[in-house]
Structure formats: structure tokens, C-alpha cells
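Each remark here refers to the structure printed beneath this line.
The values are calculated or read from the model by the stated rules, or taken from the named source; none is laboratory data. All values derive from a computational prediction rather than experimental measurement. Virtual Cβ from ideal backbone geometry, glycine too; neighbours counted across all protein chains shown.
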Amino acid sequence: MSDYDIVVVGAGMVGSAAAAVFGQRGLRVAVVEARMPQGDLNDGKIDLRVSAISRASQELLQQVGAWQNIDSKTISPYGEMRVWDADVPPESADVVHFDAADIGEPELGFIIENRRIQDALHRCLNALPSVVLFTPCSVEDLTRCDDAIAVRLDDGRKLKARLVIGADGARSRTRELAAIATRGWSYEQKAVVTHVTTSNSHRETAYQRFLTDGPIALLPLYDGRSSVVWSTTPGHADELLALEQESFCRRVEEATDAVLGRVTHSDRRAAFPLQLLHAVDYVRPNLVLIGDAAHAVHPLAGQGVNLGFADVRKLGDVCREVDTLELGDLSVLRRYERERKSENLLMMGSVDALNRLFRADTPLVGRARQVGMSLFNRIPPLKHAIIRRAMKGGQ
Ligand SMILES: Cc1cc2nc3c(=O)[nH]c(=O)nc-3n(C[C@H](O)[C@H](O)[C@H](O)COP(=O)(O)OP(=O)(O)OC[C@H]3O[C@@H](n4cnc5c(N)ncnc54)[C@H](O)[C@@H]3O)c2cc1C
């Protein structure tokens, strides 16, 4: 049995960031990952999985030295965001316009491929002498023993640690082995993703239009194209996936009110089922959940991985205050849970409410929405407060 201070299960973006935070402090960290990303970052392509990264997440990535590992040409900053309802034209005064310049900031955030963030973090981990990566391996069993947890891997090896961090995503095996229940529901929506070429420049602006089946977003990519995230009913999503290129481009053009002119080309397409999921507890003695293992949220506000990075920051802060032997103490871990649960619930509740509000298709709700959006535009302090909150990424 090999001894560690911490075992992190899952080397996705969130688990890797956690391993980097603790590895930098010289703690002995084992990272267990079932499937490392394949492929070549220099393949000249932009992967379909991209994320809007908040300024707060950028700071965390900078602190662990990962931001510096991302090729700056592949980071796409966005300074503005336009959000509007299906009932109003994109040039209407009722379009909600967020502008980083209004609060004296250079940008609202950045669009980056998930695989580049993950690779940048893995390069940090490889450079840390106290971090060991076990891959391809998955966790088979967890047993609590003497104020530590023994972790049995599927290849038979055993690791022991004061603290096990479950960062193994929405279908977390760690959560299941710790018998932590979840609450939530399926949105009966799928997100169709692709990248499109448009006749007009995106001008480093993100767009989101709310349709009755769900929102469609255009996120600016570094090669001039825009990433499409179209949340819609499962049946409609399947239909969109099956369309010929030309018909699909016309559908995106219509759905986005041709805000970027003609859609002239689309990349391959994929779809992801959407759900809201929240772990009833984030902690057990010697065990903690972070990222999607603790909470999965609708992508409409682009906050999922940002909430995960905020978990990492908070867990790092509470553990900094204690001795290594106390890392797994429930009283320490509860401090993390209290703070992150309330922040995550607030964000999940707001995102869920937005999704419901815009899907409600009655004239009264439609009118109320328009009045709300128009008022929102006319109250700069409220708008600026919301921009600042979004930039903090749920912290
Ligand atoms: C369409 C779409 C768009 C999105 N856009 C955004 C956005 O713009 N901004 C944003 O902030 N968020 C966005 N999100 C959410 C974001 O992608 C997730 O929140 C994020 O990927 C979660 O990261 P994670 O590391 O917690 O989990 P995951 O990415 O799921 O990583 C979990 C890791 O654990 C490994 N693993 C799983 N089981 C085991 C096991 N038993 N043993 C060992 N390893 C295991 C997996 O292989 C994986 O590497 C979006 C989501 C979707 C679906």
C-alpha cells in the first residue's frame, strides 16, 4: 500500500487544478485518471469542447502556472456579451448588453478548448516532484482505516491517503462509493455543439438568444469562427444532428437572428444531455467532492467549470490553515462545504430560474421578460454588479 497525503480521483480540469494546488505546497499527491485525453494539440483543429473561463478561474490557472502553458494564440478573450429574447430583434434596445469597458476591465472572460486547459494543468503536474499520476486506472473501492482512506484501483494497486478528493465528474464513482446521494433532474434538453464560420466578424463578442426550446449561444473562437451551444429538446437536437450542412447552417442563422450575418460553414456536431445535479453532502470524514462530482449545472451561463475552480480555491484555502495530519478532519472539510454549497446553490438556482423563465411561452411571462430586460439595461449599477459577479465565476 503506497502512502500519500491526498488522492485525487479524476484528472479532468478541476481535479488537475486541485492536484496542482496541493502539489505546489509539497504535499504527496496521487492522481488517478481513467482516461487521459488523446490527440495532438497541434492538429490545427479547434476541439468542440470549449469553455468560457472567468477572470477568477484565469487567476487560479495563473497561480498554479497552467495559464502560462496555454499557447496565447489559442486563448480567445471576449469583451462583450449580448443576450436577447426570441421576441425582440437583435438591434432592439431591449437586448441586454454586457461590456467589460463599462466596469473598466479589458475583457469579461476567455473562450478556451477544454483539452488545452487540461493539457496545461497536466504539464504542471508532471513538473511537480511530489505528484504521481496513475493512469489508465479507475477507482474500484474505498475503505476507511485509521483516520485515512485506502483506495483500491482496478489494476489491484492500493493507495492510502488522509484525504480523497472526488473530482471524477457528474457520474462520480467516488460519490457513489461514499454513499452520497444527489438531487436534481434532467432538463429534457440536449446541447448541440459545433463551430460555425460566419460572414460577419464576431468582434470578440459572445451572443445568446433565448428560444422557447432553450438558448442558443455563439462564443467567439480564436480563428474567427464562433462556437455554437444550442440547448433544445432532445427530439430537435437529434434532428439538428442529422441535417445536411447547408440546412443546418440556415437553422443556426435563423435561430441567432443572423446576428453574425450568413452562416457559411459548420464543423462536425455533437450533443450532450443536460441535467441539474447536486450532491446532498460534499464531504465525509477524509473525503471531499469538487467540480461536477458535487454539482452539474446547465451550460447557459457558462459557469460549470468555473464553479469547480472556485471549489478548488476554497478547498485549498481551508486546508492551508491546518496541519497535514488534519487534512481529512470533518470539521475542516465542513468549512469548505458550507461556503461552496451556498455559492453553488445560488448559481444553480439562478441558472435554473433563467432557463425556466425563458422557456415559459405565455404572453404574460413574455411581456414580463421584456420589461425586466429593458429595466435591467437601464439600471447600470445592477448590470455592473452582475458582470462583476459573473467574472468572479461563482466565488
Ligand atoms: C455543452 C457544454 C458546454 C459547457 N460550457 C461551459 C462553459 O462555457 N464554461 C464553464 O465553466 N463550464 C461549461 N460547461 C461545464 C464544464 O464542461 C464542466 O463543468 C467541467 O468539464 C467539469 O469538469 P470536472 O473536472 O469536474 O469533470 P469532468 O470533466 O467530467 O472530468 C472528470 C474526470 O474524471 C475521470 N474519471 C471518471 N471516473 C473515474 C474513475 N472512476 N476513476 C478515475 N478517473 C475517473 C474522467 O475520465 C475525467 O477525466 C459546459 C458543459 C457542457 C455539456
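Quick notes on this structure:
- Scope the stretch 28-50; condition near the ligand (Cβ under 10 Å from one of its atoms) and either among the basic types (Lys, Arg) or not in a loop (DSSP other than H, G, I, E, B) (or both); matching residues: VAL31, VAL32, ARG35, ARG49, VAL50
- Qualifying residues in the stretch 96-118 (those that are among the aliphatic types (A, V, I, L, M) and closer than 21 Å to GLN303 by Cβ) - the one surrounded by the fewest Cβ atoms within 10 Å (Cβ to Cβ): ILE103
- Selected residue (only one of ARG268, ARG313 is of a type in the set (Lys, Arg), exposed (fewer than 14 other Cβ atoms within 10 Å of the Cβ), at pLDDT 95 or above and within 16 Å of the ligand (Cβ to nearest atom)): ARG268
- With respect to the stated conditions, ARG55 is charged (D, E, K, R), within 14 Å of the ligand (Cβ to nearest atom) and over 16 Å from ASP223 (Cα atoms).
- The stretch 271-306, subset of a type in the set (A, V, I, L, M), assigned to a strand (DSSP E or B) and more than 8 Å from the ligand (Cβ to nearest atom), residue farthest from ALA86 (Cα to Cα): LEU287
- Taken over the stretch 51-89, the residue count meeting the criterion of being farther than 21 Å from PHE309 by Cα and not in a loop (DSSP other than H, G, I, E, B) is 7.
- Restricting ARG268, ARG250, ARG335 to those that are without any contact (Cβ under 8 Å) to a residue 60 or more places away in the chain and outside the structural domain of ARG144 (by TED's automatic domain parsing) reduces the list to ARG250.
- Within the stretch 138-155, being buried (at least 21 other Cβ atoms within 10 Å of the Cβ) and either within 13 Å of the ligand (Cβ to nearest atom) or among the acidic types (Asp, Glu) (or both) holds for VAL139, LEU142, VAL151.
- Within the stretch 5-27, the set of residues being out of contact with any helix residue (DSSP H, G or I) (no Cβ under 9 Å at 6 or more places or on another chain) and away from the ligand (no atom under 15 Å from the Cβ) comprises GLY26 only.
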